[in-house]
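Asks: Following this message is one structure expressed as structure tokens.
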Amino acid sequence: MDPKYCSGVVSSNTQVYENIYEMKVGENFKGEPGQFYMLRAWDREPFLSRPISISNIEDGTITFLYEVKGKGTELFSKLKSGDSIELLGPLGTGFPLDIEGNVGIIAGGIGIAPMVYLCHELSTKADFYGGFREKSFYMDKIEKNVENLYISTDSGLEGHSGFITEIFKPEKYSSVYTCGPLPMMRIVLDMCIKANVPVYISMERQMACGIGACLGCSILTTSGIKKVCKDGPVFKGEEIVFND
């Protein structure tokens, strides 16, 4: 599926949790779970577009779940229904979907964003593990497409009190998917290696172009330097070299 530049119209842009927004843009968008779009809603400043993963596509309407972290995402949060937005996509390599057996999905914070679409499109049911700081959010979108839902919070206000990796059991699964903070994904990778379970990791990096031309999102892998935007963002876990 070749990426393309296009203009879209925001149909809704709703705050779903503190600094977390759900933006829907219609229509006729395509993409696979784990892929992303480069978005911009401004003329000159900021200079760069922002990479946002596909959270869902339904009847051609694309959903982006994003966290307000800087100037670009703050501008996104101010968009209203009817506003225009520029998009380039779908981009990158997504998650494999033709998986058999039991699947475990483990995500932290805004790392849940691409997992909504993944849970919907997987050829088999999965268990979902979500780690959050204070309280969970957006789990109603996940729960309806998984067998079991496990929650942890750093605050202890909901679910397991502590890290989600403390209750994750990779040996229960034939494949694992993960997205979230690097320390969490490093632990998940180590656990899966010890359990001899294949794991697919969705990496996040700042991106300038989204098409592999600028090398700004390069990471070290066992096969040398690769670009998150084009070779990823989804990689086989054993490929990733986490720098200490």
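The values are calculated or read from the model by the stated rules, or taken from the named source; none is laboratory data. Please read these numbers as outputs of a predicted model, since none were measured by experiment. Using ideal geometry, Cβ is built from the backbone for each residue, glycine included, and neighbour counts are taken over all protein chains shown. Remember, those area values only see protein heavy atoms, side chains included, never the ligands or the DNA or RNA. Shrake-Rupley method; radii C 1.70, N 1.55, O 1.52, S 1.80 Å.
Asks: Could you give the alpha-carbon Rg of region 99-240 over 2.2 N^0.38 Å, rounded to two decimals?
Replies: For region 99-240, the normalised Cα radius of gyration comes out at 1.04.
Asks: Another question about this same structure. If I take every Cα pair under 8 Å that is 6 or more residues apart in the chain, average their sequence separation and divide by the length, what percent do I get for the relative contact order?
Replies: Computed over the chain, the figure is 17 percent.
Asks: Would you compute, from DSSP H runs of 4+ residues alone, the mean residue ellipticity of the chain at 222 nm, taking -39500 (n - 2.57) per run and dividing by the full residue count, rounded to the nearest 500?
Replies: After summing the helix terms and dividing by the residues of the chain, the value is -4000 deg cm²/dmol.
Asks: With a cap of 14 neighbouring Cβ atoms within 10 Å, and only residues DSSP puts in a loop, list the trypsin sites (Lys or Arg not before Pro) found in region 202-235.
Replies: Within region 202-235, the qualifying trypsin sites (Lys or Arg not before Pro) (loop, at most 14 other Cβ atoms within 10 Å) are ARG205.
Asks: Which whole-Hz couplings ³J(HN,Hα) result when phi for each residue of region 94-106 is put into the Karplus expression 6.51 cos²θ - 1.76 cosθ + 1.60, θ = phi - 60°, listed in order with x for Gly and Pro?
Replies: Ordered by residue, 3J(HN,Hα) equals x, 6, x, 10, 8, 9, 10, x, 7, 10, x, 10, 10 Hz.
Asks: Hey, another quick one. Taking every pair of Cα atoms in region 1-50, average 1/r, invert it to obtain the Kirkwood radius, and report Rg/Rh to two decimals.
Replies: In region 1-50, Rg relative to Rh is 0.97.
Asks: Filter the GluC sites (Glu not before Pro) in region 1-66 down to the DSSP loop ones having no more than 15 other Cβ atoms within 10 Å, then list what survives.
Replies: When the GluC sites (Glu not before Pro) of region 1-66 are filtered for loop state and at most 15 Cβ neighbours within 10 Å, GLU18, GLU27 remain.
Asks: Just give me a number: lysine pairs in region 1-105, eight or more positions apart or cross-chain, with C-alpha atoms less than 16 Å apart.
Replies: Total qualifying Lys-Lys pairs in region 1-105 comes to 4.
Asks: Sticking with this structure for a sec: Need one number: nm distance between label points at GLU166 and ASP140, each 7 Å from Cα along Cα→Cβ, rounded to one decimal.
Replies: It is 2.9 nm.
Asks: Hey, another quick one. Mind checking which of ALA113, ALA126, ALA195 has the largest fluctuation in a GNM of the chain, springs on alpha carbons under 10 Å?
Replies: The residue that fluctuates most here is ALA195.
Asks: Take the Cα atoms of region 1-129, find their three principal axes, and give me the spread along each one in whole Å, biggest first.
Replies: Principal extents (Cα only, largest first): 48, 34, 24 Å.
Asks: State the antiparallel share, in %, of DSSP beta bridges confined to the chain, rounding to the nearest 5.
Replies: Rounded to the nearest five, the antiparallel share is 60 percent.
Asks: With 10 Å bins from zero, work out the P(r) of the chain over every alpha carbon pair and list the percent per bin.
Replies: It works out to 8, 32, 37, 20, 3, 0, in whole percents.
Asks: Pick from VAL16, VAL234, VAL103: which is most flexible by mean-square fluctuation in a GNM of the chain where alpha carbon atoms under 10 Å apart are linked?
Replies: VAL16
Asks: Turning to a different aspect of this structure: On a 0 to 90 degree scale, rounded to 10, what angle separates helix 182-195 from the longest Cα axis of the chain?
Replies: Between helix and principal axis, roughly 40 degrees.
Asks: Specify whether the C-alpha gyration tensor of region 136-196 places it in the rounded, prolate or oblate class, a ≥ b ≥ c being the square roots of the eigenvalues: rounded for a/c under 1.5, otherwise prolate if a/b is larger than b/c and oblate if not.
Replies: Note, shape of region 136-196 comes out oblate.
Asks: How large is the translational diffusion coefficient of region 91-153 in µm² per second when you combine the Kirkwood radius over alpha carbon pairs with Stokes-Einstein at 37 °C and 0.692 mPa s?
Replies: Using the Kirkwood radius from Cα pairs, D works out to 274 µm²/s.
Asks: Per residue, how big is the convex hull of region 54-168 when only Cα atoms are used? Give it in Å³.
Replies: 136 Å³
Asks: Put +1 on the Cβ of each Lys and Arg and -1 on the Cβ of each Asp and Glu in the chain; which of GLY60, LEU149, MET203 then has its Cα farthest toward the positive end of the dipole?
Replies: Most positive-ward Cα: MET203.
Asks: Considering the alpha-carbon set of region 174-244 alone, what are its Rg and its Dmax in angstrom?
Replies: Calculated on Cα positions, Rg and Dmax stand at 12.1, 37 Å.
Asks: Next question, about the same structure. Provide the FRET efficiency to the nearest 0.05 for the SER223-GLU100 pair, computing r from the beta carbons and using R0 = 30 Å.
Replies: 0.70
Asks: Would you check the accessible area of ASP140, probe 1.4 Å, heavy atoms only, in square angstrom rounded to 10?
Replies: Its heavy atoms expose roughly 100 Å² to the probe.
Asks: Quick one: check the C-alpha center-to-center distance for region 1-35 versus region 66-137, whole angstrom.
Replies: With region 1-35 and region 66-137 each reduced to a Cα centre, they are spaced 11 Å.
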